[in-house]
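Below is one structure, written out as structure tokens; comments come after it.
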Amino acid sequence: DLILFWHRRDLRISDHKGLASAREKSSQLVGIFCLDPNILEKDDVAPARVTYMIGCLEKLQQQYQKLGSQLLILQDKPSQAIPKLAKALEAKAVYWNLDVEPYAKERDQQVSEALKSVNIGVETVWDQLLHTPDEIRTKSANEPYKVYTPYWNNWSKRKKQKPIHTFSQNPTGLNEEQLKTARKNGIIDLPTPKDLGFVWENELVLEPGEEAAQNRLEEFCDRALFEYDEQRNFPANDGTSQLSAALKFGVIGIRTVWAKTLEAMENTRSDEARNHIKVWQQELAWREFYQQAMYHFPELANGPYRDHFKDFPWSENQEHFQAWCEGKTGYPIVDAAMRQLNESGWMHNRCRMIVANFLTKDLMINWQWGEKYFMQKLIDGDLSANNGGWQWSASSGMDPKPLRIFNPTTQTQKYDPEGEYIRQWLPELSSLETEDLVSGKISSQDREACDYPEPIVDHKQQQKQFKSLYKEQKEAS
Ligand code: FAD
């Protein structure tokens, strides 16, 4: 009996719950991936992300081939392409791992109905989280959590599953005859990003594929993990794991990642080291927190969670927005970060917070503009994490702390005290004195000589104005 496994954001073989359960039921097991126009034709797709994804698919195809099976590529609406292929191949069932995003839930429902209408079975499991969205609920009211700290307190106490051994015996794939049928029913060769209309000319900062992700995890857990809480806020340092794209596309299993943190805990007696590991575990829990929030409160995807932001009089100044996008605000830390995003497709977390704060609190531009721009650029762009990060920065989200205003200069003094990060991404400023760079007090003469703009707004003034607008909105709501 043939089983098809539909890969989506689980582009790997090991530690894979859905694949393991499909293999248990049948020895003939073939992977499918559907290039969905509903996703790829949206206006928030990043070329770097598509390039990474296609690279991962290429690697996954090679892995399937090694096993003696295939990963088949489709390019159409999943609710049409998948049932058509499954029916033509007389597959017994289609399996997949569940997702939290509103579109994914709706799409899966449609695919499931279409398959059932042609008598093909559907099996689904949760794989991408250590705890499913319904597993962690408040003790008092049995509701989903809206606040991170109590969520973490509950989440962290629970036993986590160990990595799954996906299969001991390799599956078999399609025979020649079936392959011919597949080709007549929508199967295509894996396209290049360019075929799909995406061009990413710069180097890909993260190497695609399961092996690269596992190496990255190993390397991080051998070294930087033990200093994480000290190093993670300095964007010039390589202090974080850079596993976000691998985690977004499920190129590494979350149970494998967690097991590594436990191993590291066991291998150290130092309380200090253990604290660093715990802080990294907390980041993994943020990922799960935002995913369960998106699952239970899909309205988050469409706008601010808090009422007083529903009619906020955001500025629509296109020139300001363009300056922010291009890294030309005249605030070096903001501009360096935006250049990192534009040139590498990735941005350090501290800088994501700084630029998001600057867009919303200094330029007073709707966070949703920034959210979309990030999705258009980020290699790890992910609805739940990105939306969570933006709502947190805009103070419009679930986070109870009412107002958070970052001062770009203070942030620079704390987190890029030598101006290393600024110099890396704004080479035109590299000859300036560190003190000038970091304090933001660059003379007009120097700005002109470096072809670097004057600040487009005054932080102090903007901060005052934002606070008063915020107060008005809060009182009115
Ligand atoms: P590490 O510090 O090594 O953390 C390990 C993993 O934990 C990350 O790979 C990620 O999967 C998860 N994680 C860490 N911090 C967060 C967080 N705050 N929220 C959710 N998950 C987290 N992360 C994305 O994966 N995709 C996004 O589109 C995204 N957009 C963001 C937008 C804004 C405005 C902000 C403030 C944050 C955003 N983040 C996003 C969260 C965070 O910045 C990145 O996950 C992190 O910088 C990735 O680097 P890393 O893998 O080295 O992280």
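The values are calculated or read from the model by the stated rules, or taken from the named source; none is laboratory data. The shown structure was predicted, so the numbers you read here are calculated from the model rather than taken from an experiment. Here Cβ is always computed from backbone atoms with ideal geometry, including for glycine, and neighbour counts include all displayed protein chains.
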Quick one: THR434 ticks every box in (1) more than 16 Å from the ligand (Cβ to nearest atom); (2) crowded, with 21+ Cβ neighbours inside 10 Å; (3) β-branched (Val, Ile, Thr) except a single one, so which number is it? (2)
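Take LEU85 and decide whether it is in contact (Cβ under 8 Å) with a residue 60 or more places away in the chain and buried (at least 22 other Cβ atoms within 10 Å of the Cβ). Break it down into steps so the answer makes sense when it comes.
On the way: in contact (Cβ under 8 Å) with a residue 60 or more places away in the chain: yes; buried (at least 22 other Cβ atoms within 10 Å of the Cβ): yes.
Yes, satisfied.
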Could you list all residues from the stretch 238-282 that are within 20 Å of VAL205 (Cα to Cα) and modelled with pLDDT under 95? ASP238
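Provide a single number: the residues in the stretch 376-404 that are more than 7 Å from the ligand (Cβ to nearest atom) and either assigned to a helix (DSSP H, G or I) or not assigned by TED's automatic domain parsing to the domain that holds PHE321 (or both).
Our first condition is that a residue be more than 7 Å from the ligand (Cβ to nearest atom); within the stretch 376-404, this holds for 376-377, 379, 383-384, 387, 391, 394-404.
Checking the rest, the ones that are also either assigned to a helix (DSSP H, G or I) or not assigned by TED's automatic domain parsing to the domain that holds PHE321 (or both) come to 376-377, 383-384, 387, 391, 394.
Qualifying residue count for the region: 7.
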Hey, can you tell me all the residues within the stretch 295-349 that are surrounded by fewer than 19 Cβ atoms within 10 Å (Cβ to Cβ) and in contact with an Asp or Glu (Cβ under 7 Å, 6 or more places away or on another chain)? LYS328, GLY330
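Within the stretch 442-469, track down each residue that is closer than 16 Å to LEU429 by Cβ, in a loop (DSSP other than H, G, I, E, B) and in contact (Cβ under 8 Å) with a residue 24 or more places away in the chain. Give the steps one after another, and end with the answer.
Restricting attention to the stretch 442-469, the residues satisfying the condition of being closer than 16 Å to LEU429 by Cβ are 442-455.
Going one step further and asking which of them are in a loop (DSSP other than H, G, I, E, B), we end up with 442-443, 450-455.
Across the stretch 442-469, the qualifying residues are ILE442, TYR452, PRO453, GLU454, PRO455.
Among the helices (runs of 4 or more DSSP H) contained in the stretch 90-184, which hold 2 or more residues that are touching a strand residue (DSSP E or B) at 6+ places or on another chain (Cβ under 6 Å)? Talk me through it step by step, then tell me what you get.
Working: elements: 102-117, 148-157, 176-184.
Per the criteria, 102-117.
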Of residues in the stretch 159-196 being loosely packed, with under 13 Cβ neighbours inside 10 Å and in contact (Cβ under 8 Å) with a residue 40 or more places away in the chain, the one nearest to LEU40 (Cα to Cα): ASP189
If we ask which residues in the stretch 146-155 are in contact (Cβ under 8 Å) with a residue 40 or more places away in the chain and surrounded by 14 or more Cβ atoms within 10 Å (Cβ to Cβ), their number turns out to be 5
Go over the candidates GLU58, GLU101 one by one and state the one that is surrounded by fewer than 22 Cβ atoms within 10 Å (Cβ to Cβ), outside the structural domain of ASP134 (by TED's automatic domain parsing), charged (D, E, K, R) and under 21 Å from PRO193 (Cβ atoms). GLU58
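Being within 14 Å of the ligand (Cβ to nearest atom), assigned to a helix (DSSP H, G or I) and of a type in the set (A, V, I, L, M, F, W, C) is the filter here; which residues of the stretch 326-350 pass it?
Step one: filter the stretch 326-350 for residues within 14 Å of the ligand (Cβ to nearest atom), giving 334, 337-338, 340-341, 344-350.
Next, from what is left, pick out any that are assigned to a helix (DSSP H, G or I): 334, 337-338, 340-341, 344, 349-350.
The answer is VAL334, ALA337, MET338, LEU341.
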When the stretch 232-280 is examined, which residues are found to be charged (D, E, K, R) and either more than 10 Å from the ligand (Cβ to nearest atom) or crowded, with 17+ Cβ neighbours inside 10 Å (or both)? ARG232, LYS248, ARG255, LYS260, GLU263, GLU266, ARG269, ASP271, GLU272, ARG274, LYS278
Where GLN214 falls short, out of the listed (1) outside any helix (DSSP H, G or I); (2) touching a residue at least 24 places away in the same chain (Cβ under 8 Å); (3) within 29 Å of ARG8 (Cα to Cα); (4) not hydrophobic (A, V, I, L, M, F, W, C): (1)
Among the residues of the stretch 31-55, what is the count of those that are surrounded by fewer than 18 Cβ atoms within 10 Å (Cβ to Cβ), without any contact (Cβ under 8 Å) to a residue 60 or more places away in the chain and in contact with an Asp or Glu (Cβ under 9 Å, 6 or more places away or on another chain)? 1
Taking the stretch 351-409 and keeping only residues that are more than 16 Å from TYR290 (Cβ to Cβ), surrounded by fewer than 20 Cβ atoms within 10 Å (Cβ to Cβ) and touching a Lys or Arg at 6+ places or on another chain (Cβ under 6 Å), one is left with ILE405
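Report the residue count in the stretch 359-375 for those that are part of a helix (DSSP H, G or I), farther than 18 Å from ILE333 by Cβ and touching a Phe, Trp or Tyr at 6+ places or on another chain (Cβ under 9 Å). Spell out how you get there, then give the answer.
Keep residues of the stretch 359-375 that are part of a helix (DSSP H, G or I), which gives 359-362, 367-375.
Right, trim to farther than 18 Å from ILE333 by Cβ and you get 367-369, 371-372, 375.
Then keep just the ones that are touching a Phe, Trp or Tyr at 6+ places or on another chain (Cβ under 9 Å); that gives 367-369, 371.
Selection size over the stretch 359-375: 4.
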Just to be sure, is ALA224 in the same structural domain as PRO144 (by TED's automatic domain parsing) and within 14 Å of the ligand (Cβ to nearest atom)? yes
Examine the stretch 408-431 for a residue that is within 13 Å of the ligand (Cβ to nearest atom) and within 23 Å of GLN318 (Cβ to Cβ), and state whether such a residue exists. no
